[in-house]
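Participant: There's a structure below that I have some questions on.
The values are calculated or read from the model by the stated rules, or taken from the named source; none is laboratory data. Because the structure is a prediction, the values reported are computed rather than measured. A quick note on method: Cβ atoms are made from the backbone with ideal geometry, for glycine too, and the neighbour counts reach across all protein chains shown. Ligands, DNA and RNA are stripped out before the accessible areas are found, and what is left, the full protein with its side chains, is counted by its heavy atoms. Shrake-Rupley method; radii C 1.70, N 1.55, O 1.52, S 1.80 Å.
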Amino acid sequence: MKTIGLLGGMSWESTAEYYRLLNTLTRERLGGLHSAKCVLYSVDFAEIERLQAAGRWEEAGEVLAGAAKALEAAGAELLLLCTNTMHKVADQVTAAASVPLLHLADATAAAVRAAGVRKAALLGTAFTMEQAFYKDRLAAGGLEVLVPDEEGRRTVHRVIYEELCAGVVREESRAAYREIIRGLVAAGAEGVVLGCTEIELLVDEGDSPVPVFPTARLHAEAAVEWALA
């Protein structure tokens, strides 16, 4: 079993889910008392969020690059950046370490394609939904990507930062997400990519008339497959 390095804390709510998923999936594969070999570097998300809001992405990338080096020094053989949004600086992280980074968007696109979906709605932070770094990566993976309208994007983003990152799950927010999903399905979406790892705390298959693709789980599944190959 190879050692997985988790670059987390963005937010820790979803990083805790990553840890649970990696260990659960490993036990399911190997049985008994088996668990995942992994190391975790958890940043202070308040510092990262301030850099995001100020558009200081290169500085944020430097923080994560330093964390990647620390994970490699601790024995990590594969890196997981446990956040969709911060894949904006994935190239900086990749350049900082000599071990591979398993890109979350690549793992997601592969799973969506395998399910026979070609046109997918994308929910995530405003950065993920509006900027090219993530949508273009999904498109390169063979997907046509739809995002909510401006009001929908504001709602999705607000719920992530003001509620889910703080561990708050509200039924009214789930209802709002369901309405946004229905609109995207009406526009032609054949599946929904939960392109922020915190969204999985709020939305699941029962909230959508089409398949949903939880990116943290898909990322963890791909990592376990690699670690046990």
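Participant: Can you work out which of the residues in segment 189-217 that are charged (D, E, K, R) and over 15 Å from residue 128 (Cα atoms) is least open to solvent (accessible area, probe 1.4 Å)?
Facilitator: Restricting attention to segment 189-217, the residues satisfying the condition of being charged (D, E, K, R) are 190, 198, 200, 204-205, 207, 217.
From what is left, the residues that are over 15 Å from residue 128 (Cα atoms) are 190, 200, 204-205, 207, 217.
Values: 190: 83, 200: 44, 204: 90, 205: 101, 207: 14, 217: 86 Å².
Here the residue is 207.
Per-residue answers, yes or no, for (1) over 16 Å from the mean Cα position of the chain (by Cα); (2) of a type in the set (S, T, N, Q); (3) open to solvent by less than 20 Å² (accessible area, probe 1.4 Å):
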residue	(1), (2), (3)
60	yes, no, yes
84	no, yes, yes
105	no, no, yes
114	yes, no, no
121	no, no, yes
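Participant: Take segment 69-82 and flag every residue that is open to solvent by 10 Å² or more (accessible area, probe 1.4 Å) and either assigned to a helix (DSSP H, G or I) or among the polar types (S, T, N, Q) (or both).
Facilitator: Start the filter on segment 69-82 by keeping residues that are open to solvent by 10 Å² or more (accessible area, probe 1.4 Å), which leaves 69-70, 72-75, 77.
Correct list: 69, 70, 72, 73.
Participant: Being surrounded by 17 or more Cβ atoms within 10 Å (Cβ to Cβ) and of a type outside the set (Val, Ile, Thr) narrows it down to one residue among 175, 220, 229; which is it? Please lay out each step first, then the result.
Facilitator: Working: 175 fails: surrounded by 17 or more Cβ atoms within 10 Å (Cβ to Cβ); 229 fails: surrounded by 17 or more Cβ atoms within 10 Å (Cβ to Cβ).
Matching residue, one of 175, 220, 229: 220.
Participant: Of the residues that sit in segment 8-21 and are of a type in the set (A, V, I, L, M, F, W, C) and in contact with a Ser or Thr (Cβ under 8 Å, 6 or more places away or on another chain), which one is nearest to residue 60 (Cα to Cα)?
Facilitator: Going residue by residue through segment 8-21, those that are of a type in the set (A, V, I, L, M, F, W, C) are 10, 12, 16, 21.
Imposing the further condition that a residue be in contact with a Ser or Thr (Cβ under 8 Å, 6 or more places away or on another chain) reduces the set to 10, 12.
Working: 10: 12, 12: 17 Å.
Out of the qualifying residues, it is 10.
Participant: Restricting to segment 132-142, name every residue that is in contact with a helix residue (DSSP H, G or I) (Cβ under 7 Å, 6 or more places away or on another chain) and open to solvent by 10 Å² or more (accessible area, probe 1.4 Å). Walk me through how you get there before you give the answer.
Facilitator: First pass over segment 132-142, keeping only residues in contact with a helix residue (DSSP H, G or I) (Cβ under 7 Å, 6 or more places away or on another chain): 133-134, 137-138, 141-142.
133, 137, 141, 142, listed by residue number.
Participant: Next up: Quickly run through segment 1-25 and pick out the residues that are among the basic types (Lys, Arg) and in a helix (DSSP H, G or I).
Facilitator: First, the residues of segment 1-25 that are among the basic types (Lys, Arg): 2, 20.
If the condition is that a residue be among the basic types (Lys, Arg) and in a helix (DSSP H, G or I), then 20 is the only one that fits.
Participant: While we're here: When segment 26-49 is examined, which residues are found to be under 24 Å from residue 94 (Cβ atoms) and either open to solvent by 80 Å² or more (accessible area, probe 1.4 Å) or part of a helix (DSSP H, G or I) (or both)? Give the derivation first.
Facilitator: Applying the first criterion (under 24 Å from residue 94 (Cβ atoms)) to segment 26-49 yields 36-45, 47-49.
Within segment 26-49, 37, 40, 41, 44, 45, 47, 48, 49 meet the criteria.
Participant: Now a separate question. So residue 128 passes all but one of these: (1) surrounded by fewer than 22 Cβ atoms within 10 Å (Cβ to Cβ); (2) in contact (Cβ under 8 Å) with a residue 40 or more places away in the chain; (3) not acidic (Asp, Glu). Which condition number does it fail?
Facilitator: So the condition that residue 128 fails would be (1).
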